[in-house]
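Written below as structure tokens is the structure these notes are about.
Every number here is computed from the coordinates shown, using simple stated rules; none is lab data. Every value quoted in this text rests on a predicted model; they were computed, and no experiment measured them. Cβ atoms come from the backbone with ideal geometry, glycine included; neighbour counts cover every protein chain shown.
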Amino acid sequence: MLPLSVFRPGRTRLLAASLLLLAGTGQAADISVLGLFTGKALLVVDGGAPKTYAVGDKIAGTATLAEVDRNGATIEEGGRRHTIALGQYVGAPASAQGKVTLSASEGGHFIANGQINGVGVRMIVDTGATFIALPAAEARRLGIDYRKGRVVPVSTANGTVPAYVVRLDSVRVGELELFQVDALVQEGGLSVILLGNSFLNRCDLQRNAGQMTLTRRF
């Protein structure tokens, strides 16, 4: 089966698109399109694992996949249709999508389990980091061709190492997802992913009794 179009992590243009559907249960479903095939679409529903759906399959609640072509995946719910086109983003109300609360670990760090370009990651919130920072090994695991990025020097305990400025298609933590987020990939001196200010500055941040709440601003 040949793909009509497939999401490829690390590309400059955002190919994943999201749609908020009000299912029959009254709950919201966040649906992302990762690939388009003849009569089928590769979707991520509510941040779950990617799954291939055929035309006619139920996706969430009463929503079904109605049609697939080169323009996108058409979802039908309640007699209404909406096509999720490649490169399109349909936002959701902040009350349904755009807010997450993190709890501090025993060491006082805020750990965020989320996704970068649709792939699961574990990040430490770092309000002192200018960018999201990724070790080179993690960037490779995510399929990011980081050496095409702009090279900048970064000082570490072991001296100066090269780093690369890249743009991530999407970064998700819980129900909060941002698109086209700048990041820095380091080839040394970093062992974990840092969730820095290229993500945090696009959110309202509140701390209270060992909890941190992030709410998307734009």
Quick calc: nm separation of the 7 Å Cα→Cβ label points for R141 and T64 -> 4.0
For 185-198, 202-215, ranked highest to lowest by mean beta-carbon neighbours within 10 Å, the order is 185-198, 202-215
The extension gain from N208 to V165, computed as 0.36 nm times the residue separation minus the Cα-Cα distance, is 12.2 nm
Hull surface over four for the Cα convex hull of region 171-218, reported in nm², is 4.2
Counting only DSSP beta bridges with both partners in region 133-213, the antiparallel fraction in percent, to the nearest 5, comes to 90
Note, region 114-131: 3J(HN,Hα) by Karplus (6.51, -1.76, 1.60, θ = phi - 60°), whole Hz, Gly/Pro = x, goes x, 9, 10, 6, x, 10, x, 9, 10, 10, 9, 5, 9, 6, x, 8, 5, 10
Among region 118-141, those whose backbone N falls under 18 Å of a label point 7 Å along Cα→Cβ from S155 are 128-131
Taking a straight Cα-to-Cα line shorter than 30 Å from K40, and setting aside same-chain lysines fewer than 8 residues away, one finds K51, K58
For region 137-146, Karplus-derived ³J(HN,Hα) couplings (6.51, -1.76, 1.60; θ = phi - 60°; whole Hz; x for glycine and proline) come out as 4, 5, 4, 5, 4, 7, x, 8, 7, 5
Extension length gain for S191 and R217 (0.36 nm per residue less Cα distance), in nm, is 6.4 nm
Per residue, the convex hull enclosing the Cα atoms of region 117-191 spans a volume in Å³ of 93
dims of region 126-166, Cα set, principal axes, largest to smallest, nearest Å -> 26, 22, 17
To the nearest 0.05, the calculated FRET efficiency linking R81 and A54 through their beta-carbon distance, R0 being 22 Å, is 0.85
